[in-house]
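Novice: One structure coming up, written as structure tokens, with questions to follow.
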Amino acid sequence: MLSVNEAENIIFNLVKPLNNQTDIETVNLLTATGRVLASPVTSQIDFPHWDNSAMDGYAVVYQDVREANEEKPAVLKLVEDIPAGYQPQSNIQSGQAARIFTGAVMPKGADTVVMQENTRREDDKVFILKAPESQEFVRHRAAYYQAGTELLSAGIQLNAPEIAVLAAAQCTKLNVFRRPSVAILSTGDELITPEQTLQPGQIVDSNQYALAALVKQCGGEPLILGIIKDDREAIKKAIEEAIAKADIVLSSGGVSVGDYDYVEKILESLGGEIKVRAVAMKPGKPLTVATFNIPNAPIYFGLPGNPVSALVSYWRFVQPVIKKCSSIVEGWQPKFIKAQTRNNLNSNGKRETYIWGKLNLVDGVYQFSAAAGSKSSGNLINLAQTNAFAVLEVGKKSVSTGEEVKVLQV
Ligand code: AMP
Ligand code: MG
């Protein structure tokens, strides 16, 4: 059986990120949140757009004011008022100044702004009471960004800060990667939809819903294939459809060694190469990962049926794969942090153990509280309101309250 790290290495290396020529679409800035840039963005506008004032004050010629002080103020004649949004008309000569406001364009001839707190005004004269630095409080054109150079690089995800930059740079049509398509199917004779009436022995297919939500959350496009009976032909047909349509396939159930667990055999009959059969983790041991020797074939994940196991496997292995597939350059890997546990955590020490719970930041320290109730991988009820898993590595049988523990953030 593979260790979690061995499985991770194998799985993450299978991912072929989307192609920056063929797997792209153009979106409007308003709908671009969360999307990944497929090509670099260049703006035609300098930032700042022009030399402008960083203060309310007076635009002056530095040579006129370099020795000014309270005893010997420089006295300048005001020739113009320049509010923000106006194009100055004057060309400031020695002995002159313009009243200027924050963000307003610097007039020609002036090279420095004196903040109004260091001045005294008398009619059309301004007294400079303190010498500024040369070019003080002038934001120079193109100091932050030069038109025609790369503004944002390909492979970054567009979130609020990037959206703001793109709006300011008037880049409203964006080349982004399409969302990776993720086919989801559930196998099991016992499964019904949430709308159907529960008969003895049946359970609701919650995995389909959970996985669809997770796929959406991380930028994928779920493709719902529904519930498939534990019937070899039916599963084969569904898997064939999934392989033809998706970048990633997620099935749940049917991957342990029960009499009705057909998935692995069907994958092999379809030419699948099984890369992972089981992982030494708890929950989540039965995990099938397969690839196909066909162009553009997806990575296939046969997740365990147990709801908690399915989700742990998803967070540990599938989510990074979807993100890497979406061509995000940075930050697709699982996020681990160190936290202080608020409960005793136990494991049998044989498999890497994932204990679900809640991570809180308390006075600058991450604290992990295990979910109350049964830790059975069949109990998904206490998954609600969790956001992390404490990870006890192989050989580690316990972590006591107050000790540090590795935590996977989800
Ligand atoms: P399996 O991996 O098919 O042996 O299923 C393991 C356990 O998970 C069984 O108790 C199933 O009833 C349950 N299970 C399987 N698929 C789902 C699903 N889609 N939603 C919720 N529970 C499931
Ligand atoms: Mg089953």
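The values are calculated or read from the model by the stated rules, or taken from the named source; none is laboratory data. Since the structure is predicted, the reported quantities are computational estimates derived from the model, not experimental observations. In this analysis, Cβ positions are derived from the backbone assuming ideal geometry, glycine residues included, and neighbour counts consider all displayed protein chains. These accessible areas exclude ligands, DNA and RNA; they are computed on the full protein's heavy atoms, side chains included. Shrake-Rupley method; radii C 1.70, N 1.55, O 1.52, S 1.80 Å.
Novice: Kindly provide the set of residues from the range 393-410 that are acidic (D, E) and either at positive phi or part of a loop (DSSP other than H, G, I, E, B) (or both), ordered by number. Lay out the reasoning, then the answer.
Specialist: The first filter runs over the range 393-410 and keeps only residues acidic (D, E), leaving 393, 403-404.
E393, E403 - these are the residues of the range 393-410 that are acidic (D, E) and either at positive phi or part of a loop (DSSP other than H, G, I, E, B) (or both).
Novice: Same structure again: Just checking, does the range 60-83 include any residue being within 30 Å of A164 (Cβ to Cβ) and touching a Phe, Trp or Tyr at 6+ places or on another chain (Cβ under 8 Å)?
Specialist: Quick first cut of the range 60-83, residues within 30 Å of A164 (Cβ to Cβ) only: 82-83.
Still in the running and touching a Phe, Trp or Tyr at 6+ places or on another chain (Cβ under 8 Å): 82-83.
Checked against the condition, which is being within 30 Å of A164 (Cβ to Cβ) and touching a Phe, Trp or Tyr at 6+ places or on another chain (Cβ under 8 Å), the range 60-83 yields at least one hit.
Novice: Being within 30 Å of Q333 (Cα to Cα), open to solvent by less than 60 Å² (accessible area, probe 1.4 Å) and among the aliphatic types (A, V, I, L, M) narrows it down to one of L129, L29, L78, so name that one.
Specialist: On the way: L129 fails: within 30 Å of Q333 (Cα to Cα); L78 fails: within 30 Å of Q333 (Cα to Cα).
Just a single option satisfies the conditions, and that option is L29.
Novice: Moving on. Taking W356, is it touching a residue at least 24 places away in the same chain (Cβ under 8 Å), closer than 20 Å to V4 by Cβ and in contact with a Ser or Thr (Cβ under 7 Å, 6 or more places away or on another chain)? Give the derivation first.
Specialist: On the way: touching a residue at least 24 places away in the same chain (Cβ under 8 Å): yes; closer than 20 Å to V4 by Cβ: yes; in contact with a Ser or Thr (Cβ under 7 Å, 6 or more places away or on another chain): yes.
Criteria met by W356.
Novice: Show the residue pairs that are 6+ apart or on different chains and have beta-carbon atoms under 7 Å apart, the first residue being within the range 39-60 and free of Cβ contacts under 8 Å to residues at least 12 places away in the same chain, the second being not in a loop (DSSP other than H, G, I, E, B).
Specialist: none
One line per residue, one yes/no per condition, for (1) touching a Ser or Thr at 6+ places or on another chain (Cβ under 9 Å); (2) within 14 Å of ligand 1 (Cβ to nearest atom); (3) farther than 20 Å from D231 by Cα; (4) in contact (Cβ under 8 Å) with a residue 40 or more places away in the chain:
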position	(1), (2), (3), (4)
V255	yes, yes, no, yes
Y260	yes, yes, no, yes
L267	yes, no, no, no
G284	yes, yes, yes, yes
T288	yes, yes, no, no
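Novice: Restricting to the range 365-392, name every residue that is assigned to a loop (DSSP other than H, G, I, E, B), hydroxyl-bearing (S, T, Y) and more than 11 Å from V308 (Cα to Cα).
Specialist: Just the residues of the range 365-392 that are assigned to a loop (DSSP other than H, G, I, E, B), to begin with: 371-380, 384-387.
Retained after the next criterion (residues that are hydroxyl-bearing (S, T, Y)): 374, 376-377, 386.
Within the range 365-392, S374, T386 meet the criteria.
Novice: Could you give me the residue pairs with C-beta distances under 7 Å whose first residue belongs to the range 163-190 and is open to solvent by 10 Å² or more (accessible area, probe 1.4 Å), whose second residue is basic (K, R) and more than 16 Å from ligand 2 (Cβ to nearest atom) wherever it lies, and which are 6+ apart or on separate chains?
Specialist: As it stands, the answer is S181/K245, since those pairs meet every condition given.
Novice: So if I check each of K245, K173, which one is among the basic types (K, R), more than 20 Å from A38 (Cα to Cα), out of contact with any Phe, Trp or Tyr (no Cβ under 6 Å at 6 or more places or on another chain) and at pLDDT 95 or above?
Specialist: Values: K173 fails: more than 20 Å from A38 (Cα to Cα).
Criteria check complete, one pass: K245.
Novice: Can you tell me how many residues in the range 338-359 are loosely packed, with under 14 Cβ neighbours inside 10 Å and assigned to a strand (DSSP E or B)?
Specialist: Residues that pass the stated criteria total 1.
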